Amino acid sequence: MASELPAELGELAWLQRGVLTSSQAIAGGMTKDMLRSRVRHGRWQRLHTGVYLVFSGEPDRLTRQWAAVLRAGPGAMLSFQTAAELARLVGPAELETPAGPDELPIHITVPGNRRISRIQGTVLHWSDRATQAMHPARTPPQTRVEETVLDLVSVARTIDDAYGWVTRAVGRRLTTEARLREAMELRGRLRWRRELTEALAADAAGVHSVLEHRYLRDVERPHRLPRAVRQARARVRIPGGGRIEYRDVLYEAYLVAVELDGRAAHPADRRWPDIHRDNAAAATGVITLRYGWLDVTQHPCRVAAQVAEVLRLRGYTGGRACSAGCPVPVPVAPAQPHRAS
């Protein structure tokens, strides 16, 4: 049906996933009578007040998103979970609902000085920073990735959920720690600010999951373990060549690696790749320790004690107990040189 439109209007409809507003259509040379006629004869569909779909088929989710944000008017943008969906901050499998992803509400942020009536199937948010929050190039109009992350942090149920949005965005290389810190500074009020500032500190660079951050926060820092390299690049030799892998945590000076697995269960099909990975690391002199979610979150002192003991096998002399009863051993004093009497 878009082919029946004037060239410029047809191109606009194509860019907007088949959606036009009445003002766009009239500005492009159509009349109100023409719009009503096409809807009456079933060639177009009216999705919202003043918003039309220029074909008769079932609109997909992206088309519905376009329709909703155009209905919201000037300065409106997709935000929160909907912007996360568009930025690939969440994947298709994470959007599944009993009724299917098309039934998920569409989140829209509008400038704080505007008031609009309710739009079916949407959740409306207002922001005095809407102009700064909008991505300058992506379509449909949507918040910048950093703003999307901080929006989701603001409605997170727990601090772990908040960390999850941050580490997911950085781990998927959708943004950086520096950009998130800059976005935080522009917000007058922000939930979990202190915790996120800690999470985005310089020594957290390379932390790509909630569990990795919990290890940094609860195991490494309070027990004064040495600073590690995060997501350390390593070339693994295999028959016929080699491949590049990344170690979650590497105490490079001591050739000790820590691998963290946040999965609730460890699938059988991951057992052998992990064994091969550890064996390959051992061939280069690297000792690998592995911990799961319960280890790090429920027994951080026990994990720290074990890591410290292994590090000491390689010459480490630091570490400290974080509290009374913490099993991390007392630091080893450096050996004093023998002096002849």
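Any read-out appearing in this document is the output of simple, stated calculations on the displayed coordinates, not a laboratory observation. A quick note: this is a predicted structure, and the numbers were derived from the prediction, not measured. So basically every Cβ, Gly included, is an ideal-geometry build from the backbone, and we count neighbours across all protein chains shown.
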For this session: Please give the net charge around Pro140, taking every other residue with its beta carbon less than 12 angstrom from that of Pro140, where Lys and Arg add +1 and Asp and Glu add -1.
Result: +4
Problem set entry | Cα gyration tensor shape for the range 2-57, rounded if a/c is under 1.5, else prolate or oblate | rounded
Exercise. What shape does the range 55-164 have by the C-alpha gyration tensor, where a ≥ b ≥ c are the square roots of the eigenvalues, rounded means a/c under 1.5, and otherwise prolate means a/b greater than b/c and oblate the rest?
Worked result: oblate
Problem set entry | Inter-probe distance in nm under a simple model that places probes 7 Å from Cα toward Cβ, at Thr197 and Val330 | 3.6 nm
